Amino acid sequence: QVQLVESGGGLVQAGGSLRLSCAASRSISVMGWYRQAPGKQRELVARIISDWRTNYADSVLGRFTISRDNAKNTVYLQMSSLKPEDTGVYYCNAQDSYGAYGYWGHGTQVTVSS
């Protein structure tokens, strides 16, 4: 089992920045962020594997950066140049290996006003 605790969501104007954090209760290989907008399916935003390989959704490339601190079992999502379409609940996800069972956090709301 892994517990994931997210923080850092909030309300920001378009063009602004936010940083999300997710602390895991133990070391885990794959960590990432998904988001779900009202009426839409949950989608991958960014993912990072323990060897620092990363994946990003096309919609956030060049604006979001995912990173991790392995000593703290924590993953970060630095979000810049935020757009109203980035609004949604952001969920932290973790897997022991790519494709394995995924653990989820409770989510943190991000709202970008125009």
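The values are calculated or read from the model by the stated rules, or taken from the named source; none is laboratory data. Note that the structure is a prediction, hence the values are computed from the model and not measured. Here the Cβ positions follow ideal geometry from the backbone for every residue, glycine too, while neighbour counts run over all protein chains shown. These accessible areas exclude ligands, DNA and RNA; they are computed on the full protein's heavy atoms, side chains included. Shrake-Rupley method; radii C 1.70, N 1.55, O 1.52, S 1.80 Å.
Can Gly39 be described as free of Cβ contacts under 8 Å to residues at least 24 places away in the same chain, open to solvent by 30 Å² or more (accessible area, probe 1.4 Å), out of contact with any helix residue (DSSP H, G or I) (no Cβ under 9 Å at 6 or more places or on another chain) and in a loop (DSSP other than H, G, I, E, B)? Criteria met by Gly39.
Got a sec? Which of Ser67, Ser59 is within 17 Å of Ala23 (Cβ to Cβ), surrounded by fewer than 21 Cβ atoms within 10 Å (Cβ to Cβ) and free of Cβ contacts under 8 Å to residues at least 60 places away in the same chain?
Ser67
You will find that of Val112, Val75, the residue that is touching a residue at least 60 places away in the same chain (Cβ under 8 Å), hydrophobic (A, V, I, L, M, F, W, C) and in a strand (DSSP E or B) is Val112 and no other. Considering (1) open to solvent by 30 Å² or more (accessible area, probe 1.4 Å); (2) hydrophobic (A, V, I, L, M, F, W, C); (3) in a loop (DSSP other than H, G, I, E, B); (4) touching a Phe, Trp or Tyr at 6+ places or on another chain (Cβ under 9 Å), the lone condition that Ile28 does not fulfil carries the number (1).
Would it be correct to say that Ala14 is open to solvent by 50 Å² or more (accessible area, probe 1.4 Å), in contact with a helix residue (DSSP H, G or I) (Cβ under 8 Å, 6 or more places away or on another chain), under 12 Å from Val110 (Cα atoms) and of a type outside the set (D, E, K, R)?
Against the criterion (open to solvent by 50 Å² or more (accessible area, probe 1.4 Å), in contact with a helix residue (DSSP H, G or I) (Cβ under 8 Å, 6 or more places away or on another chain), under 12 Å from Val110 (Cα atoms) and of a type outside the set (D, E, K, R)), Ala14 qualifies.
For Leu44, are the conditions met, namely being of a type outside the set (Asp, Glu) and touching a Phe, Trp or Tyr at 6+ places or on another chain (Cβ under 8 Å)? Here the answer is yes, as Leu44 does meet what is asked. Restricting the first member to the stretch 1-20 and to residues that are farther than 27 Å from Tyr103 by Cβ and at pLDDT 95 or above, and the second to residues that are small (Gly, Ala, Ser) and assigned to a strand (DSSP E or B), the beta-carbon pairs closer than 7 Å and six or more apart or on different chains are Leu11/Ser113; Gln13/Ser113; Ala14/Ser113.
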